[in-house]
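Beneath this line is the structure, given in structure tokens, with notes to follow.
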Amino acid sequence: AVKPYYEHAGITIYHGDCREILAGLDGGALVTDPPYGIGWARATWADSPEAYPELMRWLVSEGVRLGGWCFVFQAMPNAGRWHEWFPEGWRIFAACKNFAQIRPTGVWHSWDPVVFWNSGPNSGPNSGHVNRDYHVGNVAGHLGERVDHPSPRPLDTMQHIVQLAASLDTVVVDPFCGSGTTLVAAKETGRRAIGIEIEERYCEIAAKRLSQEVLPL
């Protein structure tokens with residue numbers, strides 16, 4: 001068994017390759033922001049378009065094995081191939097942003113698509129107050145956090161998705177947990193979570209964020 005990098009208050013982080021670690025874990029909901037598969041220039045990780053379909057098929061099979069709701073962030077340039085990778089009946093959650101740069105380009109990608117499907121028996125939202133298939137995230141606030149990661153997600157959007165994906169007794173699993181935003185969202189909404197991250201410096205950032213106890217205002 002792999003020794004956790006961090007473990008406290010129902011949140012666990014494993015440092016390593018999720019393709020080697022995830023198979024040994026049980027969970028419920030899959031909520032993750034994997035590499036984009038578009039050869040992204042700012043990525044600090046391998047982002048090979050050629051290897052991406054295989055990675056997605058593996059991720060889908062693991063999501064189905066976990067047996068709950070699955071939410072997987074995607075990049076718009078791959079939209080034409082989602083039907084090849086994701087299970088029948090998949091839908092799109094719109095992770096919108098309250099600030100989108102205005103540039104003299106063509107139509108700008110001002111929201112992020114999150115492909116989602118249900119691999120288990122539960123057919124409805126898991127929260128009494130969150131059921132919309134979109135969220136307008138406060139990117140001005142999250143950019144101010146400076147978590148030292150090239151593509152952090154807004155915490156408020158991840159809290160919304162985590163509450164859609166997992167009831168209070170369901171474990172949230174994020175095999176590409178990066179700077180730990182999914183894990184922080186799970187912690188702040190009272191859920192247990194498991195994250196896996198291949199780069200140790202991001203494990204360190206995530207552990208630091210999680211160890212900063214949230215004080216009530």
Can you name the number of the only condition in (1) within 17 Å of ASN131 (Cβ to Cβ); (2) among the aliphatic types (A, V, I, L, M); (3) not in a helix (DSSP H, G or I) that ILE194 fails? (1)
Sole residue being within 22 Å of PRO35 (Cα to Cα), surrounded by fewer than 22 Cβ atoms within 10 Å (Cβ to Cβ), at pLDDT below 95 and acidic (Asp, Glu), chosen from ASP169, ASP148: ASP148
Evaluate the following for ARG91: is it open to solvent by 80 Å² or more (accessible area, probe 1.4 Å), within 17 Å of ALA79 (Cα to Cα), at pLDDT 85 or above and among the basic types (Lys, Arg)? yes
For region 96-110, indicate whether the set of residues that are open to solvent by less than 30 Å² (accessible area, probe 1.4 Å) and on the phi < 0 side of the Ramachandran plot is non-empty. no
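Of these, GLU62, GLU84, GLU88, which one is among the charged types (D, E, K, R) and part of a loop (DSSP other than H, G, I, E, B)? Quick ask: steps written out before the conclusion?
Details: GLU62 fails: part of a loop (DSSP other than H, G, I, E, B); GLU84 fails: part of a loop (DSSP other than H, G, I, E, B).
Of the residues listed, the single one that is among the charged types (D, E, K, R) and part of a loop (DSSP other than H, G, I, E, B) is GLU88.
Restricting region 1-22 to residues that are more than 11 Å from CYS177 (Cβ to Cβ) and within 18 Å of the chain's Cα centre (by Cα), which is most open to solvent (accessible area, probe 1.4 Å)?
As a first pass, look at region 1-22 and keep what is more than 11 Å from CYS177 (Cβ to Cβ): 1-4, 7-10, 16-17, 19-22.
Adding the requirement that they be within 18 Å of the chain's Cα centre (by Cα) leaves 10, 16-17, 19, 21-22.
Values: GLY10: 38, GLY16: 17, ASP17: 33, ARG19: 139, ILE21: 16, LEU22: 1 Å².
Taking the candidates together, the pick is ARG19.
The values are calculated or read from the model by the stated rules, or taken from the named source; none is laboratory data. Bear in mind the structure is a predicted one, so any value in this text is a computation, not a measurement. Here Cβ is always computed from backbone atoms with ideal geometry, including for glycine, and neighbour counts include all displayed protein chains. Just the protein is used for accessible areas: all its heavy atoms, side chains included, with ligands, DNA and RNA removed. Shrake-Rupley method; radii C 1.70, N 1.55, O 1.52, S 1.80 Å.
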